[in-house]
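Here's the structure we're looking at; comments come further down.
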Amino acid sequence: MFHFNAGYLVGDWYDAAEASTVTVAELHRGTGLNPAGCEELWCYDTEYMLVDREMSPHEAQQQAEALLAVEEHLRPALRAWVASGDYVAEGDGRSDVPALGDFHDRYCGNWDSFEEYAADLVDSTGMLNGVPEEVAQHFDWKSHARELAHDYAVLDAQAPASGVYVFRSC
């Protein structure tokens, strides 16, 4: 950071999954600048990470490891969950790294709408099984979905997906 604060951009591109292994000497190699006084490294380009802010190399590596631990098709949902702020973080809560076990426990899928998810939940749980058809036909699906939504985080899906991501909130 010494050179950065003095107006010199010293850096290189590294895969976030190995960011914490980068050394000050490595970054200065070939620059003609003396690494003395440089004690801190920082990651500024965080596009496609879980959070959109600068971070330490250690945190960049933790974020990358979390992303790589999730199947590729689930990564947009994981990013949306973290961006919502309604997610569970690892450890003591001072980290932005999501608890992947909680992600998998709470993620209910990518749906065209929350109403579609609510209808599927009614069907898959057999909620109306045994209810006479003349009573079941009067079930208020929209009202049920509105009530159910209080227990969920419903997030707009990011391209290339469409619809919504549904997460249990508790």
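Couple of notes before you dig in:
- Sum of -39500 (n - 2.57) over DSSP H runs of 4+, divided by residues of the chain (222 nm, nearest 500): -9500 deg cm²/dmol
- Region 56-161: GluC sites (Glu not before Pro) in DSSP loop, at most 14 other beta carbons within 10 Å: 71
- Derived scalar couplings ³J(HN,Hα) [region 62-79; Karplus, 6.51 cos²θ - 1.76 cosθ + 1.60; whole Hz; x for Gly, Pro]: 4, 4, 4, 4, 5, 4, 5, 7, 9, 4, 3, 5, 8, 4, x, 5, 4, 4
- Most mobile listed residue (75, 29, 146) in the chain, GNM with C-alpha springs under 10 Å: 29
- Mean separation of Cα contacts under 8 Å, 6 or more apart, over the residue count of the chain: relative contact order %: 18 percent
- Note that region 160-169 has calculated 3J(HN,Hα) couplings of x, 6, 9, x, 9, 9, 10, 10, 5, 8 Hz, one per residue in order, obtained from phi through the Karplus relation 6.51 cos²θ - 1.76 cosθ + 1.60 (θ = phi - 60°); glycine and proline are x.
- Of all the options 128, 155, 74, the one that moves most in a Gaussian network model of the chain with Cα springs shorter than 10 angstrom is 128.
- Couplings for region 26-43, taken from phi via the Karplus curve 6.51 cos²θ - 1.76 cosθ + 1.60 with θ = phi - 60°, read 4, 5, 8, 4, x, 8, x, 9, 7, x, 4, x, 8, 10, 10, 10, 8, 9 Hz in order; Gly and Pro are left as x.
- If you plug the beta carbon distance of residue 44 and residue 88 into 1/(1 + (r/R0)^6) with R0 = 35 Å, you get a FRET efficiency near 0.80.
- Max mean-square fluctuation residue, GNM over the chain, Cα-Cα springs under 10 Å, options 81, 141, 111: 141
- Counting every C-alpha pair in the chain, the share spaced more than 23 angstrom apart comes to 55%.
- Relative contact order for region 1-68, counting Cα pairs under 8 Å that sit 6 or more residues apart, in percent: 36 percent
Laboratory data are not the source of any read-out in this text; all were calculated from the coordinates shown. This one's a predicted model, so the numbers in the text were calculated from it and none came from an experiment. Neighbour counts run over all protein chains shown; Cβ positions are idealised from the backbone, glycine included.
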